[in-house]
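Asker: Can you read through this structure? Questions will come right after.
Every number here is computed from the coordinates shown, using simple stated rules; none is lab data. The model shown is predicted, which means the values in this text are computed figures rather than measured ones. Counting neighbours? That spans all protein chains shown, and the Cβs are built from the backbone with ideal geometry, glycine included.
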Amino acid sequence: MQRSEVLEQLSQYIAGKVLDGKDIGLNETTPLLEWGIINSLEIVRILSFIQETFGVDISADKMVADHFANLASLTDLVLETAKEQQEKWHAHDKKSPDYDVVVVGGGPAGSTVATLLSRWGKSVLVLEKARFPRHHIGESLLAGTTTLMKQLGVYDKVEQAGFVHKFGATYIWGKSQEPWSIFFSEVSDEGRFSFQVERDKFDKILLDHSREIGTTVREECCVTEFIRDGERITGVKYVDAEQRSHSVSCRFCVDASGQSALLGTSMKWRKFNQTLRNFALYTYYRGGKSAVELVPDLKPRDAGNIFVVAMERGWIWYIPLGSGRFSVGVVTHGSLARELNKENRLQFYLDCLNSTPQIRYLLSEAERETSTLYSQSDWSYVCDSFKGPGYLLAGDAACFVDPILSTGVDLAMEGAFKAAIAINTLLDEPELTEQALCWYEKEYKQRLDTSSRWLNTGIMGTVSVMTGSGKRNN
Ligand SMILES: Cc1cc2nc3c(=O)[nH]c(=O)nc-3n(C[C@H](O)[C@H](O)[C@H](O)COP(=O)(O)OP(=O)(O)OC[C@H]3O[C@@H](n4cnc5c(N)ncnc54)[C@H](O)[C@@H]3O)c2cc1C
């Protein structure tokens, strides 16, 4: 073995050990001493250099050092090689990010993208600021989500959770007060249904499933900053539950932070829909009546329908969550978010429920489950772009239309599904990066357009366009 090769090996060995955080004892270098290539004095000096540079505790064997004291000095050369090696390791570190993908946010969009990428062999970290289960709005799902759940392999777990089956939606919307319904079976197979979910439980099932597939999930970790190399996002900074700061690097980053829309906000990409600047107030009731008692045309299984009633100041949702529990929300004009203070918000909400005869009837024997009145406003927006160098936006972080047709979770999960395909492609074949990201953005925007068209035709009063056979009265 050439002396230079031995030096190379030694320096690699030392650098490797030190960077691994391991202690180095003199004994480990004795083969080199025995070859007579370096002397013990040099080793002592190398070891003290390492001690100073890296702060590693080193034990030197004085006996060995004394014995080899007269051998020729190669110290400088060894030190130089070790330094070079150290630089190489740091450079190598930069090229090997901590994860293939970091996902910000563990809602339906974040967990969907993470589950798929983990299943396809990528290393994925999800950073979620809350600890699940956590409260969330968006309980009434469309039938498309069940297909996505099956593809994720989580359907059985969702079914076992016992959520209410939803076969369709019943509306009182238009000039007539006569209720009308639309069913998933009108556009799909007979018996097609979805779920009315308690989002705290549902989102936890999806996130836990992702963890089981291999995703690293860190809850109570709030992302505070995206790390950039030029325009390219190469990682994130976050703060954990103990307020400790961390950085993590990745080959690709997904912003699935929901309505926080971290990137869309910081890039000033969010464009709000000025005609849908709405405001929602909602809470939960126990002991409500089923809409089946109100609408004679409905079959017993339609007790799981979402019931939507138009009223003078907006509209009301009435979602059965099982065991007599209902989510009841009032959607009204956004300007009221500023006009109403905490006390008169509740009064306004109750007035809306009481002045709507159908809801008054359904809640006549019900009790409010909690004193908390939740609110949300300004949710209708689209970001100018859904992608950039090293990142994309998924779910509500990219866009959201309106809750009236319950499209949110479906849109978020379907978009995330396509995001995972695009990311998997660009990680495996970097030369296809631009193509993959453009495909994702185009697909997602097309799906968004479809939802917006449904919304416009629905609001204008031609919901039958959606189903080909839906009834309406205006
Ligand atoms: C009034 C209203 C009613 C709705 N009703 C329905 C409905 O009936 N049906 C339906 O399908 N949809 C509904 N939606 C829409 C639905 O809530 C969303 O579309 C859906 O939750 C989007 O999923 P997501 O994963 O993109 O975002 P989210 O579910 O919001 O998940 C985002 C996650 O990111 C986390 N996060 C945020 N910031 C950070 C950070 N800095 N660091 C780490 N984590 C972070 C959050 O804690 C959250 O868990 C409704 C929306 C509104 C406003």
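Asker: For region 445-451, take each phi angle, set θ = phi - 60°, evaluate the Karplus expression 6.51 cos²θ - 1.76 cosθ + 1.60, and give the result in whole Hz per residue in order, putting x for glycine and proline.
Answerer: 5, 5, 5, 5, 4, 4, 4
Asker: Using a basic spin-label model with each label point 7 Å from the Cα along Cα→Cβ, how many nm lie between residue 346 and residue 373?
Answerer: Here the answer is 0.7 nm between the modelled labels.
Asker: Run through every distinct alpha carbon pair of region 242-392 and return the Kirkwood hydrodynamic radius in angstroms, one decimal place.
Answerer: About 18.2 Å for region 242-392.
Asker: With respect to the cross-link table entries 157/268; 122/237; 175/418; 129/418; 201/342; 122/150, which display a Cα-Cα separation exceeding 31 Å?
Answerer: Values: 157/268 39 Å; 122/237 21 Å; 175/418 40 Å; 129/418 24 Å; 201/342 28 Å; 122/150 21 Å.
Check vs 31 Å cut-off fails for 157/268; 175/418.
Asker: If I take R0 = 51 Å and measure r between the Cβ atoms of residue 231 and residue 365 in this structure, what FRET efficiency does the formula 1/(1 + (r/R0)^6) give, to the nearest 0.05? Write out the running numbers ahead of the final one.
Answerer: Numbers: r = 59 Å, r/R0 = 1.16.
E between residue 231 and residue 365, to the nearest 0.05, is 0.30.
Asker: Under the 0.36 nm per residue contour assumption, what length would be gained going from the current alpha-carbon distance of residue 266 and residue 241 to full extension? Mind dumping the intermediate values first?
Answerer: Values: separation 25, 0.36 × 25 = 9.00 nm, distance 2.38 nm.
Additional length available on full extension: 6.6 nm.
Asker: List, in order, the whole-Hz ³J(HN,Hα) value for each residue of region 365-381 obtained from phi through the Karplus relation with A = 6.51, B = -1.76, C = 1.60 and θ = phi - 60°; use x for Gly and Pro.
Answerer: Whole-Hz 3J(HN,Hα) from phi for region 365-381: 10, 9, 10, 5, 6, 9, 7, 6, 10, 7, 9, 8, 9, 6, 9, 9, 7.
Asker: Using the Karplus curve 6.51 cos²θ - 1.76 cosθ + 1.60 with θ = phi - 60°, what ³J(HN,Hα) values do you get for each residue of region 402-414, in whole Hz, with x for Gly and Pro?
Answerer: Per residue, the Karplus-derived 3J(HN,Hα) values read 6, x, 4, 9, 6, 8, x, 5, 4, 4, 5, 6, 5 Hz.
Asker: How far is it, in nm, from the label point at residue 434 to the one at residue 323 when both lie 7 Å from their Cα along the line to the Cβ?
Answerer: If labels sit at residue 434 and residue 323, their model points lie 5.6 nm apart.
Asker: Follow-up. Want the number for residue 176 to residue 449: 0.36 nm per residue separation, take away the alpha-carbon distance, what's left?
Answerer: Values: separation 273, 0.36 × 273 = 98.28 nm, distance 2.89 nm.
Difference between extended and current length: 95.4 nm.
Asker: Multiply the residue separation of residue 98 and residue 156 by 0.36 nm, subtract the distance between their alpha-carbon atoms, and state the gained length in nm to one decimal. Can you show the working numbers first?
Answerer: Working: separation 58, 0.36 × 58 = 20.88 nm, distance 3.26 nm.
Roughly 17.6 nm would be gained on extension.
Asker: Once amide H atoms are placed 1.01 Å from N in the peptide plane, what residues at a sequence separation of 5 or more from residue 380, or on another chain, have their amide H within under 5 Å of its amide H?
Answerer: Hits under the 5 Å cutoff: 273, 278.
Asker: To continue, here is another question. If you project the alpha carbons of region 313-367 onto their three principal axes, what span does each projection cover, largest first, in Å?
Answerer: Result for region 313-367: principal-axis Cα extents of 35, 19, 19 Å.
Asker: For residue 325, list long-range residues whose amide hydrogen, built 1.01 Å from N in the peptide plane, is under 5 Å from its own amide hydrogen.
Answerer: 287
Asker: In terms of modelled amide H atoms, which long-range or inter-chain residues lie less than 5 Å from the amide H of residue 225?
Answerer: Placed amide hydrogens put 237 under 5 Å from residue 225.
Asker: Moving on to the next point. Treat each spin label as a single point 7 Å out from the Cα along the C-beta direction, and report the residue 275 to residue 200 distance in nm.
Answerer: The modelled label-to-label distance comes out at 3.8 nm.
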